[in-house]
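The values are calculated or read from the model by the stated rules, or taken from the named source; none is laboratory data. This is a predicted model, so every value here is computed, not measured. Don't worry about glycine lacking a Cβ; one is built from the backbone with ideal geometry, like all the others, and counts go over all protein chains shown.
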Amino acid sequence: MGEFTVPTLSSLNPDIHVKPAYTYVERDCNNLKMRIFYLPRTRMSREGEDASFAKQNGPSNSEAEAAIMHRKQPPAGSAIFVYCHKSS
């Protein structure tokens, strides 16, 4: 999960951190929707790689979280997930 997070918003580096512009949707061989995140660099691959997930039933449904993210429409070059502290 560390590939999806940055220590602080000011440390966001668009060359190595995932951004909203690096997400897209594909269909698998069973025509099920999968959300793909392109990670420009990971600990294992300096050239980057894709990470994907599909809808899950129950509380671990990350597709619902991704839908919320896209409704909020963060700027294309910004961090993909942001935690808002009470005082910010």
Looking at the range 1-18, which of its residues are closer than 19 Å to Ala54 by Cα and part of a loop (DSSP other than H, G, I, E, B)? Met1, Val18
Mind counting the residues in the range 4-40 that are among the basic types (Lys, Arg) and within 13 Å of the chain's Cα centre (by Cα)? 2
Under the condition of being touching a residue at least 40 places away in the same chain (Cβ under 8 Å) and not in a loop (DSSP other than H, G, I, E, B), which residue from the range 23-64 is surrounded by the most Cβ atoms within 10 Å (Cβ to Cβ)? Phe37
Can you pull out the residues in the range 24-51 that are under 12 Å from Phe4 (Cα atoms) and hydroxyl-bearing (Ser, Thr, Tyr)? Tyr38, Thr42
Residue check, Glu26 modelled with pLDDT of 85 or more, farther than 26 Å from Thr8 by Cβ and out of contact with any Lys or Arg (no Cβ under 6 Å at 6 or more places or on another chain): yes
With the requirement that a residue be farther than 10 Å from Tyr22 by Cβ and among the hydroxyl-bearing types (Ser, Thr, Tyr), what does the range 32-59 give you? Thr42, Ser45, Ser52
Considering only residues that are surrounded by 14 or more Cβ atoms within 10 Å (Cβ to Cβ) and in contact with a Phe, Trp or Tyr (Cβ under 8 Å, 6 or more places away or on another chain), which ones fall in the range 1-22? Val18, Tyr22
